[in-house]
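The values are calculated or read from the model by the stated rules, or taken from the named source; none is laboratory data. Remember, predicted model here, so these are calculated numbers, not experimental data. Ideal geometry is used to build each Cβ from the backbone, glycine not excepted, and the neighbour counts take in all protein chains shown. When the accessible area is computed, the model is the full protein with side chains, heavy atoms only, and any ligands, DNA or RNA have been set aside. Shrake-Rupley method; radii C 1.70, N 1.55, O 1.52, S 1.80 Å.
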Amino acid sequence: MSLREVVYCGVCSYPPEYCEFTGKLKRCKVWLKENHPERYTQLYGADDADADEDNDVTAVGKKLGESSIGEERENKLEKDLLKLQTKQENREQRELAKKLSSKVIIKREARTKRKFIVAISGLEVFEIDMKKLAKTFASKFATGCSVSKNIEKKEEVVIQGDVLEDVEAYIHSLLKEKGMENVKVETIDTKKKKKPTTETK
């Protein structure tokens, strides 16, 4: 059994079957027709519907190959694509840096002598659905939970009850799932301390 010779296009460096996906098809067809006419006939046929176009391609393509116009245009497109990719990467890096430099604040406050609330803020940076999170906490702790604006006009999740430690553990696991385990989580406890009782003689 004889081995089949694999042809690679001299323009785009891909096998001729894939030239149409490179954006250089016209130049590729000119190269293939000149260097491998039999392969060209197999792919595009002698009576190609684009025969007239191929004739033009042969003539014009030579000029494109000899001139730098076609190549310059392709190089420009490649440079523009590279710029867009670099811009996208830079934006993603800035967003990541912003997330890593942010912090989540979990605060416990005493409302009355025996009632407390836990407020969580700083989660909006991590694209966390606050309303969905509030429903999760309400179900998890079987208590009231809502989303409101704090003094800084930022959204925070407010949970009814003394559940600071459980909430803190849940937030750490949530950030870890998002690959943000290095994000700082600050806990503020304003729970009122009981005054020491003095014995009466």
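Only one of (1) open to solvent by 60 Å² or more (accessible area, probe 1.4 Å); (2) at pLDDT 70 or above is not met by residue 60, so which one is it?
Going through (1) open to solvent by 60 Å² or more (accessible area, probe 1.4 Å); (2) at pLDDT 70 or above one by one, residue 60 breaks only (2).
When you look at residue 20, is it acidic (Asp, Glu), in a helix (DSSP H, G or I) and modelled with pLDDT of 80 or more, yes or no?
So residue 20 passes the test.
May I ask you to say which residue of 128, 151 is closer than 16 Å to residue 172 by Cα and assigned to a loop (DSSP other than H, G, I, E, B)?
128
Out of region 19-48, which residues are touching a residue at least 24 places away in the same chain (Cβ under 8 Å), farther than 23 Å from residue 73 by Cα and hydrophobic (A, V, I, L, M, F, W, C)?
Answer for region 19-48, where residues must be touching a residue at least 24 places away in the same chain (Cβ under 8 Å), farther than 23 Å from residue 73 by Cα and hydrophobic (A, V, I, L, M, F, W, C): just 43.
Does region 136-158 hold any residues that are farther than 12 Å from residue 121 by Cβ and touching a strand residue (DSSP E or B) at 6+ places or on another chain (Cβ under 8 Å), and which are they?
Passing the criteria: 137, 138, 141, 143, 144, 145, 146.
Does residue 156 count as assigned to a helix (DSSP H, G or I), surrounded by 12 or more Cβ atoms within 10 Å (Cβ to Cβ) and touching a Ser or Thr at 6+ places or on another chain (Cβ under 7 Å)?
Judged against the criteria, residue 156 is not a match.
For the subset of region 131-148 comprising residues that are assigned to a strand (DSSP E or B) and either over 15 Å from residue 170 (Cβ atoms) or of a type in the set (Lys, Arg) (or both), which member is modelled with the lowest pLDDT?
148
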